[in-house]
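These notes concern the structure reproduced below.
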Amino acid sequence: MNDSLDLRSKYRPRKFRHLVQGLSDPTIRAITSALTQRITLQAILVRGAYGGGKTTTARLLGQRAACTCQERHAFEPCGNCDGCLWVMAHPRSADGWGYSEFDVQNVSPREMITRIMSEILYSKYGGRIMSQRVVTLDEFHRLSLRDQEKFVKVIEDAAQQYNTLFILCVAADATICPAISQRCAQRPLRLPSIQECIHHLRLIARAEGRLLAHEDADLLAATAGAVPRAYLGLLQDAILFSNDGTTVTREGVITACDLLCCHTQP
């Protein structure tokens, strides 16, 4: 793993068991159980707070679809084969491995639908027999209800004819058109608890060769609102502001938290 990477990228989960919520989380358990039992779904609506792991969960499903060593585990991607590595490194250009990801803010609905169907119909996926293709529509709630409805037919047709799973990532309180919502398995993804965050922060600090006190991890997690992406950024700043080479100091933690609070104040 590249030591120079930003901690948010360096420790982005590469397997379902690495998600901070853990395999016992109801949504993670439902997804991994479906993979284990080879249950095919046509669409999943993943709801959750910003930074809570929705897109990461979708990419893990994409990794699993691209994985050439699926027989090694009931539900995890191996993380080391060409398919897994390509999806991890190029999630928005991984269609050649059976995974497609779109940010709906950057591509028009018409162009997305055209590209989705083109990739499904004409991509050969390296000559491999895919267990299931995966398409992620990130920030799907930012489309108007009218534009959301345009995806009803493509979801139904691609799922039934071409064994394609659609994952729609939306905000926790998002309004989704009934025609889409009724066709999706509902999967709310909670933010991790503060205790889960503290445990995760201390593990990451240890992996970086640093000691992080429980109370300091608590402050980082609470300041970040239990959002993994945010508290890993705070931890990185706290390390930068700590003069001790082996410890994340209290002074460094407070400086990092104060800097974030100053930046986010209106």
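Of all residues in segment 71-83, those that are assigned to a loop (DSSP other than H, G, I, E, B) and either in contact with a strand residue (DSSP E or B) (Cβ under 7 Å, 6 or more places away or on another chain) or not acidic (D, E) (or both) total 8. Anything in segment 105-134 that is surrounded by 12 or more Cβ atoms within 10 Å (Cβ to Cβ), touching a helix residue (DSSP H, G or I) at 6+ places or on another chain (Cβ under 7 Å) and either under 19 Å from T40 (Cβ atoms) or modelled with pLDDT of 75 or more (or both)? List them, or say none. Answer for segment 105-134, where residues must be surrounded by 12 or more Cβ atoms within 10 Å (Cβ to Cβ), touching a helix residue (DSSP H, G or I) at 6+ places or on another chain (Cβ under 7 Å) and either under 19 Å from T40 (Cβ atoms) or modelled with pLDDT of 75 or more (or both): P109, I113, I116, M117, E119, I120, Y125, M130, S131, Q132, R133, V134.
Just so you know, in segment 84-102 the residues that are touching a Ser or Thr at 6+ places or on another chain (Cβ under 9 Å) and not in a helix (DSSP H, G or I) include one that is surrounded by the fewest Cβ atoms within 10 Å (Cβ to Cβ), and it is F102.
Given the criterion in contact (Cβ under 8 Å) with a residue 60 or more places away in the chain and either assigned to a helix (DSSP H, G or I) or in the same structural domain as P13 (by TED's automatic domain parsing) (or both), identify the matching residue among T68, T114. Residue meeting the stated conditions: T68. How about segment 67-83: which of its residues are surrounded by 24 or more Cβ atoms within 10 Å (Cβ to Cβ) and under 22 Å from L5 (Cβ atoms)? Answer for segment 67-83, where residues must be surrounded by 24 or more Cβ atoms within 10 Å (Cβ to Cβ) and under 22 Å from L5 (Cβ atoms): P77, G83. Among the residues making up segment 203-234, those that are more than 15 Å from A256 (Cβ to Cβ) and surrounded by fewer than 20 Cβ atoms within 10 Å (Cβ to Cβ) are L203, R206, A207, G209, L211, H214. When E251 is tested against (1) part of a helix (DSSP H, G or I); (2) surrounded by 19 or more Cβ atoms within 10 Å (Cβ to Cβ), only condition (2) is not met. Screening G53 with (1) under 21 Å from I120 (Cβ atoms); (2) surrounded by 21 or more Cβ atoms within 10 Å (Cβ to Cβ) gives one miss only, at (1).
The residues of segment 179-223 that are touching a Cys at 6+ places or on another chain (Cβ under 8 Å) and small (G, A, S), listed by number, are A217, A221. The numbered conditions (1) touching a Gly at 6+ places or on another chain (Cβ under 7 Å); (2) free of Cβ contacts under 8 Å to residues at least 60 places away in the same chain are all true for A230 except (2).
Scanning segment 189-202 for residues that are over 14 Å from G22 (Cα atoms) and either in contact with a strand residue (DSSP E or B) (Cβ under 7 Å, 6 or more places away or on another chain) or among the hydrophobic types (A, V, I, L, M, F, W, C) (or both) turns up just one, L201.
Do you know which of the residues in segment 139-156 that are more than 23 Å from R92 (Cβ to Cβ) and either aliphatic (A, V, I, L, M) or in contact with a helix residue (DSSP H, G or I) (Cβ under 8 Å, 6 or more places away or on another chain) (or both) is surrounded by the fewest Cβ atoms within 10 Å (Cβ to Cβ)? That would be L145. Residues that are out of contact with any helix residue (DSSP H, G or I) (no Cβ under 9 Å at 6 or more places or on another chain), in a loop (DSSP other than H, G, I, E, B) and more than 21 Å from S181 (Cβ to Cβ) within segment 23-59 comprise S24, D25, Q37, R38, listed in sequence order.
The values are calculated or read from the model by the stated rules, or taken from the named source; none is laboratory data. Everything quoted here is computed from the prediction, not taken from an experiment. Virtual Cβ from ideal backbone geometry, glycine too; neighbours counted across all protein chains shown.
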